[in-house]
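Everything on this sheet refers to the single structure shown next.
The values are calculated or read from the model by the stated rules, or taken from the named source; none is laboratory data. Just so we're clear, the structure is a prediction, and the values are computed from it rather than from any experiment. Positions of Cβ are backbone-derived with ideal geometry, glycine not excepted, and every protein chain shown enters the neighbour counts. Accessible surface is based on the protein model in full, side chains and every heavy atom, while ligands, DNA and RNA are left aside. Shrake-Rupley method; radii C 1.70, N 1.55, O 1.52, S 1.80 Å.
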Amino acid sequence: MSADSLGQLILTGVPGKELDAKTAGLFRRVQPGGFILFGRNINTPAQLRKLIDDLRELSTTEPIITTDQEGGRVSRLRLIGNEPPNAQQFRDKADLDLIRRHGEITGRLLRLFGFNLDLCPVLDISFDDAADNSLRGRCYGTSVEQVSRNAGAFNDAMRGQGIASCGKHFPGYSAAKSDAHYELPRIDRTVEELQRTELAVFRAFVDKIDSMMICHGWYPCFEREKTPASLSRRIITDLLRDQFGFDGLIMTDDLDMGAILTGYSLEETIGLAISAGNDLAMICHRIPEIENVRRILGTLPGDQVDRALASVARFKQKRAPPHEFSEAAFRKIDNEIWDLRVATLGESAAKRSFEDGKLSPVEMF
């Protein structure tokens with residue numbers, strides 16, 4: 001373990017649409033393993049590509065560049081182009097060719113801007129499409145078979161374009177009755193119920209997906225004491241790594257969410273996240289703290305840090321460089337997204353640029 005490499009275990013947000021001198025200096029010192037971009041980072045196509053090029057240039061090791069480009073309201077790039085249909089709309093249309101088309105278009109779109117990882121597909125099963133748990137519209141099905149089929153079509157097509165995928169939210173967040181952006185949801189499912197439903201989907205993707213995101217939900221069937229899955233060794237190492245045999249990259253959900261902030265200090269959070277088996281600690285909003293995060297990482301047992309560093313390095317070895325950027329190439333792909341909207345929703349519905357309903361925390365930032 002080298003002190004210079006510790007930043008590789010951090011997936012950090014970026015504060016604005018361009019890198020000021022202070023932020024660039026911070027990133028050069030810490031050398032984060034990856035950057036996650038939100039709406040706050042996007043203004044125009046050319047601006048976005050320049051920001052990503054600048055992030056890559058200041059990184060001594062090729063960074064992970066990621067975002068949430070699922071479709072529907074959780075589509076960061078809808079700020080500069082058309083909004084793809086969401087998973088539920090594809091589910092209702094029941095046309096696998098359209099889902100494959102969505103995955104292929106998404107892969108080309110992200111490669112054009114310089115992303116190499118998309119934080120999707122959502123692998124949660126919808127038990128209640130109206131549940132207030134941040135998953136509205138984001139689930140590919142209401143059964144193991146439906147989610148596996150639909151999410152699998154998207155996943156395979158996107159990966160075919162050189163973009164890595166991320167299954168979320170392990171071990172299955174859809175039974176949550178509250179939103180982890182604000183508090184830690186208690187998910188009262190038995191191990192047997194999880195194995196038959198939520199976990200059956202994730203098990204099916206163990207060899208088909210590049211990374212997994214661990215949710216902030218408390219599962220008393222695994223942890224008697226109030227513990228988020230994202231900080232649980234029983235869930236991450238014992239279940240996902242050892243029982244399921246997953247050998248890809250594992251990351252926390254955003255550690256700046258209320259489910260974590262209300263219960264743990266930064267020191268506790270980082271120590272528990274890595275000891276539980278995560279490879280990347282995601283810090284989306286407390287960006288100045290990443291220097292402190294790197295310091296904390298240096299205090300952790302060397303074997304835990306080395307394991308995580310090796311996992312990040314393996315993941316990066318398989319990433320492909322960006323496509324050459326042009327406005328014309330972006331407009332061509334954006335027109336394909338519009339055509340996909342029409343094919344999936346019909347022309348009148350496609351003309352509504354955004355879904356009905358107020359913004360939720362998953363789309364605000």
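Data overview
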| read-out | value |
| --- | --- |
| Selection from the stretch 23-36 of residues that are in contact (Cβ under 8 Å) with a residue 60 or more places away in the chain and open to solvent by less than 60 Å² (accessible area, probe 1.4 Å) | THR23, LEU26, VAL30, PRO32, GLY33, GLY34, ILE36 |
| ARG108 vs. criteria open to solvent by 10 Å² or more (accessible area, probe 1.4 Å), within 30 Å of GLN317 (Cα to Cα) and over 20 Å from the mean Cα position of the chain (by Cα) | no |
| Members of the stretch 138-180 found to be at pLDDT below 95 and within 18 Å of VAL74 (Cα to Cα), listed by number | TYR173, SER174, ASP179, ALA180 |
| Unique residue being farther than 20 Å from ILE283 by Cα and of a type outside the set (Val, Ile, Thr) when the list is LEU55, LEU9, LEU48 | LEU48 |
| Scan of the stretch 190-227 for residues that are hydroxyl-bearing (Ser, Thr, Tyr) and either under 18 Å from the mean Cα position of the chain (by Cα) or open to solvent by 10 Å² or more (accessible area, probe 1.4 Å) (or both), ordered by number | THR190, THR197, SER211, THR227 |
| Which numbered condition LEU77 misses (of (1) within 22 Å of the chain's Cα centre (by Cα); (2) within 23 Å of PRO288 (Cβ to Cβ); (3) aliphatic (A, V, I, L, M)) | (2) |
| Residue list for the stretch 106-137, filter: among the aromatic types (Phe, Trp, Tyr) and either at pLDDT below 95 or not in a loop (DSSP other than H, G, I, E, B) (or both) | PHE113, PHE127 |
| Residues satisfying the stated conditions in the stretch 1-22, i.e. open to solvent by 10 Å² or more (accessible area, probe 1.4 Å) and within 22 Å of MET257 (Cβ to Cβ) | PRO15, GLY16 |
| Residue list for the stretch 288-309, filter: open to solvent by 40 Å² or more (accessible area, probe 1.4 Å) and assigned to a helix (DSSP H, G or I) | PRO288, GLU289, GLU291, ASN292, ARG294, ARG295, ASP303, GLN304, ASP306, ARG307 |
| Where a residue in the stretch 148-160 is farther than 27 Å from ARG196 by Cβ and its partner, wherever it lies, is open to solvent by 10 Å² or more (accessible area, probe 1.4 Å) and small (Gly, Ala, Ser), with Cβ under 6 Å and at least six apart | none |
| Residue check for ALA176: open to solvent by less than 30 Å² (accessible area, probe 1.4 Å), in contact (Cβ under 8 Å) with a residue 12 or more places away in the chain and within 20 Å of GLY258 (Cα to Cα) | yes |
| Selection count where residues are open to solvent by 10 Å² or more (accessible area, probe 1.4 Å) and within 19 Å of the chain's Cα centre (by Cα), scope the stretch 262-286 | 2 |
| Scope the stretch 236-253; condition among the aliphatic types (A, V, I, L, M) and over 19 Å from GLU223 (Cα atoms); matching residues | LEU249, ILE250, MET251 |
| Residue satisfying condition, being under 23 Å from ILE187 (Cβ atoms), among the acidic types (Asp, Glu) and open to solvent by less than 10 Å² (accessible area, probe 1.4 Å), within set ASP128, ASP132, ASP124, ASP118 | ASP124 |
